[in-house]
1. Could you tell me the accessible area of Thr35 in Å² (1.4 Å probe, neighbours in place), rounded to the nearest ten?
2. Sequence-distant or interchain residues sharing an amide H contact under 5 Å with Arg18, placed H: which?
Amino acid sequence: MLFTFAGTSVLKGDVKVRFANSDARARQLAKLGDTAINIVELPSAMDKASAVAHLLTLPAFADVQDVLRAEVAPRAKAKPAGTVKVRVTRAKVKTAKVKTAVKAPVEVTEAEVDALMQAVYGTK
């Protein structure tokens with residue numbers, strides 16, 4: 001994505017790098033509680049890395065050089081050794097009503113129930 005404005009602001013004591021396509025973003029940040037807002041128009045539309053490189057050349061951003069460099073530094077996501085990310089989805093199960101054709105009571109022995117339980121669930 002390309003941006004035409006870039007700069008920094010301070011939110012709750014932390015310096016944040018900001019990108020926008022309108023100078024109205026500065027007013028919006030002020031309403032949201034940001035302070036020390038310093039957003040400048042870029043010479044042309046730029047991606048984030050190019051915009052930060054341009055900001056590093058401006059004297060107005062000399063005091064936030066380390067924050068600007070950290071913005072474009074590659075971010076490595078550290079995963080603990082031995083972990084695996086697994087995605088689990090829910091399966092939809094449809095149930096159907098079954099009508100029984102037998103009206104007379106059926107007697108089942110305990111041995112038959114045990115055999116069925118063993119076959120279906122692997123236990124008695």
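The values are calculated or read from the model by the stated rules, or taken from the named source; none is laboratory data. Just so it is clear, the model here is predicted, and its values are computed rather than measured. For accessibility, only protein heavy atoms count, side chains too; no ligands or nucleic acids. Shrake-Rupley method; radii C 1.70, N 1.55, O 1.52, S 1.80 Å.
1. 80
2. Residues meeting the amide H criterion: Gly7, Thr8, Ser9.
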